[in-house]
Amino acid sequence: MAMTRKTRRLTLIGVVGVVLAAAMGLVLYAMSGQIALFKTPTDVATTGAEPGQRLRLGGLVKEGTVRRGDDATVTFEVTDTVNAVQVTYSGLLPDLFREGQGVVTEGMLDAAGVFRADTVLAKHDENYMPKEVVDSLKAQGVWEGDGAAMPSTRDPAPTDAAAPAATPAAEPARLTN
Amino acid sequence: MLVWIVFALMTVAAALAVIVPLARHRRAALPASAHDRAVYRDQLAELERDRERGLIGAAEAEAARAEIARRLLKASEAAEAASPRRSWAKPAAMAATMAIPLLALGVYASTGSPDLPDQPLAARLQAPPDPNNVVEMIARVEAHLVNQPNDAEGWKVLAPIYLRTGRVDDAARAYREIIRIEGPSPELNEALGETLVAAGEGLVSEEAQAALDAAVQADPDRIKARYYRALGLLQAGRNEESLAEYDEIIRRSAADAPWLEPVRENRKRALAALGRPADTPEPAGLPAVSAGPAAGPGAADVAAAEAMSDEERAQMVAGMVQRLADRLEQNPRDPVGWMQLIRAYGVMERPEDASAALKKAEETFKDDPTILAQIQDAAKSMGLVP
Amino acid sequence: MVAEIGHFALVLALALALVQSVMPIVGARRGDPALMAAASPIATAQLAFVGLSFAALTYAYLVSDFSVANVYENSHSLKPLIYKITGVWGNHEGSMLLWVLILALFGWSVAAFGQNLPASLKANVLGVQGWITVAFLGFILATSNPFARLSPAPFEGQDLNPILQDIGLAIHPPLLYLGYVGFSISFAFAVAALIEGRIDAAWARWVRPWTLAAWVFLTAGIAMGSYWAYYELGWGGWWFWDPVENASFMPWLAGTALLHSAVVMEKRNALKIWTVLLAILTFSLSLLGTFLVRSGVLTSVHAFATDPARGVFILAILCVFIGGGLSLFALRASQLSQGGVFAPVSREGALVFNNIILTASCATVLVGTLYPLVLEALTGEKISVGAPFFNLTFGPLMIPLMLAVPFGPYLAWKRGDLLGASQRLMAAFAAAIAAALMAWYLTEGGPVLAVLGIGLAAWLIVGAISELVSRARFADVGLAIGWRRLAGLPRSAYGTAVAHAGLGVMILGIVGVTSLQVENILVMKQGQTATIGRYEVTFDSAETRRGPNYTELVAHMTARKDGVVVAKMDPAKRLYTARQMPTTEASIVTHGVSQLYVTLGEESERTDQLVVRMFDKPLVTLIWIGALVMMAGGILSLSDRRLRVGAPTPARHTPAAPVAAE
């Protein structure tokens, strides 16, 4: 009955080994199936993606493409200004979902090339632009820095109504000495 | 001066916190093994309590007791701490007395602003106002309106300033407040509608359309209201009505009115939307103002007001830009300021000034590539090639 | 002047921390009692100066002193008083100041309540605390000074992110920091022990109350944060496996393991090396959490700062403390003597099993959190590791642990009797089967996960209670004595049972809401009634309202259950005007332990027609009630007399050496 020190140690090592192997196995299995790759609309257009593979699609919500169905289904296009992908989503859009704003959607492409999203993310900060989207826009050479919005395609307001473009007096200098 | 006295007292207190305990005469500390023994005795007592209550079996208790006893014995045998050598209390106290003030002043000298007094908002609002500081004036009026929200005059002061400083939503709120207090008038409805269109970045919302409708209905000569109304109708796909509204504007305008240019432009779009030729004849307008006194007084007033406000705004913006430039002259290490200045010059179509500003900014930040890149990006976005 | 006094106090605190980080350790090395004894008063002064600094910043917020850049950037003169105060730590600089304030508070606690510690250990612990304080005060003053001034001062502030204007914010970060920073004490104890090269059962007893206190605070902070996200973000979820949540969860897992391994060390003088390593790792994970949140590596609701200089500074702190701690460990671990022996089936064995699983699951969370960051840094490929990954890895690892938990307390030290323990757990096993069958019946053959999960929860709860009952031995000694015995059980026994039962309660809530929740998203017209789970919800009307600093669209709804009005609900969509930021205000009705949760979708032009999202969330509140019960267990255990060992009295004053003063 009494175990030697050696068998005790072996038991301990055995248990540690089993648990670690189980953890590793789970991690590897989960990595193969549950991890979403980030792609831009251009990636999808050029290299394509297999229907059914989980993806994160990031870009800007293209102006004028948001359409709402009767049953809380929304369709819109995600663009990186070069290519665009049609997205459908059923559910509540996040607070900061707006046309022309950065967005990350997660889901998969269907056979028709429409992206069926189950998650739409637009973070809780008015200047937030998902990091992946910023990087990809920079890569496309269309990023304008500090939160500049996309050029508007709407009717331009007549000049006397346009908000003054520069409000320089607002930001006081920080003391640096 | 007072602040330095307080700092000195604080420094003394900090130094004393180190020196006093060092100066106090100290017995040698109890050896660590004494503390260990206290713990093991306590464990034994605890074991005894558990045993008395029958929480553990007798054999188990005996084994545990033997184990703790062994630890106790070992702790008792442990070598007592070597008797201390000469204490370093005195040199340590002297070093601390030197180090604390030197360190504190050294760090504070590079980070602090000892001459800057506190500026609680309440106290600042009681001080005499500075008429040149727009931001301050806004804050004062806002503070006043918190207590007297029904003072229409206050809102009337704020609304145009908000509009000029780019706070269009606040401007719209201010117009709504005035309408709430004084009741609607064509002027107010027109201003509200215009503000809302600006807030919507050119999109005419339902609320804006309603305000514009009311303005035009009460005063058919509100050309500006008509202009935005037509725009809204066009956006809503009510092309026929939009075209009618544009025609109405032309009918009510002098032939040389400055706004006819964009009106004709938009009218063409309405025509295009209706599928009619762009050169569909327009109705006859009023005679040109310069041609005679027949021009409608309403239209002339509008023109005058528009010219005034345009000029005023240009002056206002120029003044603000100048102040920014002056400030950067004195305190150039302000990347955000430089980017604002370059953009402002770009918007005002003063490319030479913009290039000069860019050059100065590049000079200032030549040792900081990140900021440099940001500033150059800003310049690029304004069409300035570095 | 107040602002500058606060600034100067912070600088003085840094100077004192430098003294504290050198003098006591030199003293302990030389056996110089004067130098060692100076540590306590310095730690006290430290708290006074950091406290003064924090008070000065709070004052600047209260009087809206916009000449302080931090106030200008994060406050607004019209903000309600309570949010002016909580706004102090609702931003990067202020929250770092709070971090250091709590660090100073813990340092002072060791100074004040550590009379029972050997002088050299106490000096070393406070010295190590001094290092941490120096690092973080240096970080604040160099990169995140909350007292930077503006001239000329603006007249209005930029307002606090509205999502942070909530009472949850007032409580969540301080609790979380009390947990994070509390583990710095365990770390300091571990490093001090390594410096001295002496570690034993007594050490475990000294370090345990601090670990327990930090664990209770961290549990509270995580639970609070989870509930806050649940009702404030309006997504209806209570845990998102967001990297920031993981950052607080990893130290919790490691800390829970530490708590259990310290028991083994205290009782049996075994697992010494492992316990010291865990103490170092737990605080390292706390630092890692701080780094992930503060450096801007992650973009999240929580990421205030995206300044590369700050990231580099914290990374340096991280490397120095984790690297230094582990190097010292590698250097000294071999000198620590081996402790008592035990059979694999024994209380020790069970606690080791607990440790293995907790560390393995902590490692999977770490992998899932860091893998995307590392991959992007190395290959530039961007991936996201989300909830499915963690559910698939973390979930299965927890199941054997949950099954094993009730066995632990039944097993004897050194060598346990698995068969005997199983027999005594028959009641709990029967209860688990009964609960599973009942769940199966009530949900009409509902999801397997729900049935098994409810059985598991019952196993944990009844197992914990039956352990107390069996210790009282009602069957052997009769009711009256049994009651006396039950009342006489040490509080730590109650603590264990209550904490384990709390785990069961939490699992019941998690299983209830994940497998039995009903969700419905639909477009509702005015007057329309929709059925959601056990409720019918009628959309009565909608209106636009104006708040102090926002406008909102409110829908008025009536919730009925079986035709009886249960509650009036007013979910809203708010727009905070200063930042033009929309937020979702969920309307939540609590009914027993279940909740009905309603939010509005994006505004449409017509107010008579709205997108509405509704959840019927059965048992959901048990998640947080379970956390509260676990905390209660921790507090009970903390109040046990055996954790308060008296200081030894010098022999010459009391010649008849007494048993430890109590």
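For the reader, a short list of remarks on this structure follows.
Condition check ((1) within 30 Å of B:L55 (Cβ to Cβ); (2) touching a Lys or Arg at 6+ places or on another chain (Cβ under 8 Å)) across all residues:
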residue: C:R491; (1), (2): yes, yes
residue: C:V498; (1), (2): yes, no
residue: C:N520; (1), (2): no, yes
residue: C:K561; (1), (2): no, yes
residue: C:L575; (1), (2): no, no
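- Screening B:K224 with (1) assigned to a loop (DSSP other than H, G, I, E, B); (2) within 14 Å of chain A (Cβ to nearest Cβ) gives one miss only, at (1).
- Qualifying residue in segment C:21-39 (condition: within 7 Å of chain B (Cβ to nearest Cβ), of a type in the set (A, V, I, L, M) and not in a helix (DSSP H, G or I)): yes
- Looking at C:S466, C:S492, just one residue is under 32 Å from the mean Cα position of the chain (by Cα), over 24 Å from C:A430 (Cβ atoms), at pLDDT 85 or above and polar (S, T, N, Q), and that residue is C:S492.
- C:F183 fulfils the conditions (1) outside the structural domain of C:G221 (by TED's automatic domain parsing); (2) at pLDDT 95 or above; (3) crowded, with 24+ Cβ neighbours inside 10 Å; (4) in contact with a Phe, Trp or Tyr (Cβ under 9 Å, 6 or more places away or on another chain) except for a single criterion, (1).
- Near pairs, Cβ below 9 angstrom, 6+ apart or cross-chain, from segment C:359-371 (touching a residue at least 60 places away in the same chain (Cβ under 8 Å)) to any residue that is small (G, A, S) and surrounded by fewer than 24 Cβ atoms within 10 Å (Cβ to Cβ): C:S361/A:A23; C:G368/A:A30; C:G368/C:G386
- Residue selected from segment C:1-18 under the condition free of Cβ contacts under 8 Å to residues at least 40 places away in the same chain and crowded, with 24+ Cβ neighbours inside 10 Å, by the criterion farthest from C:T143 (Cα to Cα): C:L16
- C:F353 touching a residue at least 40 places away in the same chain (Cβ under 8 Å) and in contact with a helix residue (DSSP H, G or I) (Cβ under 7 Å, 6 or more places away or on another chain): yes
- Pairs, first in the same structural domain as B:D368 (by TED's automatic domain parsing) and touching a residue at least 12 places away in the same chain (Cβ under 8 Å) in segment B:316-338, second outside any helix (DSSP H, G or I) and among the acidic types (D, E), C-beta under 7 Å, six or more apart: B:L328/B:D334; B:G337/A:E171
- Qualifying positions in segment C:28-85 - among the β-branched types (V, I, T), surrounded by 23 or more Cβ atoms within 10 Å (Cβ to Cβ) and over 30 Å from C:V110 (Cβ atoms): C:V68, C:V71
- Some residue of segment C:521-542 being β-branched (V, I, T) and under 20 Å from the mean Cα position of the chain (by Cα): no
- All positions within segment C:613-662 that are at pLDDT 60 or above, of a type in the set (S, T, N, Q) and either over 17 Å from C:W238 (Cβ atoms) or assigned to a helix (DSSP H, G or I) (or both): C:S637, C:S639
- Evaluation of C:L328 against the conditions (1) touching a residue at least 60 places away in the same chain (Cβ under 8 Å); (2) facing chain A (nearest Cβ under 10 Å); (3) not charged (D, E, K, R) shows that the sole unmet condition is (2).
- Enumerated helices (runs of 4 or more DSSP H) restricted to segment C:77-176, each holding at least 1 residues that are under 30 Å from C:R198 (Cβ atoms) and more than 11 Å from chain B (Cβ to nearest Cβ): C:92-113, C:119-143
- Residue among C:S261, C:S248, C:S286, C:S186 that is part of a helix (DSSP H, G or I), closer than 20 Å to C:T496 by Cα and touching a residue at least 24 places away in the same chain (Cβ under 8 Å): C:S261
- Flag not set for B:P262, criterion: within 14 Å of another protein chain (Cβ to nearest Cβ), in contact (Cβ under 8 Å) with a residue 40 or more places away in the chain and either touching a strand residue (DSSP E or B) at 6+ places or on another chain (Cβ under 8 Å) or not hydrophobic (A, V, I, L, M, F, W, C) (or both).
- Taken together, C:V554, C:V518, C:V566, C:V511 contain a single residue that is buried (at least 17 other Cβ atoms within 10 Å of the Cβ), in contact (Cβ under 8 Å) with a residue 40 or more places away in the chain and not small (G, A, S), which is C:V511.
- C:L81 of a type in the set (A, V, I, L, M, F, W, C) and within 26 Å of C:V19 (Cβ to Cβ): no
- Here the condition is being basic (K, R), over 14 Å from B:E190 (Cα atoms) and at pLDDT 85 or above; of B:R229, B:R238, B:R252, B:R267, it holds for B:R267 alone.
- The set of residues in segment C:393-422 that are assigned to a helix (DSSP H, G or I), facing another protein chain (nearest Cβ under 8 Å) and crowded, with 19+ Cβ neighbours inside 10 Å comprises C:T393, C:L397.
- Yes/no for C:A220 being farther than 19 Å from C:V365 by Cα and either at pLDDT below 90 or assigned to a helix (DSSP H, G or I) (or both): yes
- Out of A:G33, A:G58, A:G91, one residue alone is surrounded by fewer than 21 Cβ atoms within 10 Å (Cβ to Cβ), on the phi < 0 side of the Ramachandran plot, at pLDDT below 85 and within 14 Å of chain C (Cβ to nearest Cβ). It is A:G33.
- Qualifying positions in segment C:185-215 - touching a Gly at 6+ places or on another chain (Cβ under 9 Å), hydrophobic (A, V, I, L, M, F, W, C) and farther than 18 Å from C:G107 by Cα: C:L194, C:I195, C:A201
- Enumeration of residues in segment B:148-169 that are under 21 Å from C:P154 (Cα atoms) and within 14 Å of chain C (Cβ to nearest Cβ): B:L158, B:I161, B:Y162, B:T165, B:G166, B:R167, B:V168, B:D169
- Residue match in segment C:165-179 (condition: surrounded by 21 or more Cβ atoms within 10 Å (Cβ to Cβ) and more than 20 Å from C:L292 (Cα to Cα)): yes
The values are calculated or read from the model by the stated rules, or taken from the named source; none is laboratory data. All of these numbers come straight from a predicted model, not from anything done at the bench. So basically every Cβ, Gly included, is an ideal-geometry build from the backbone, and we count neighbours across all protein chains shown.
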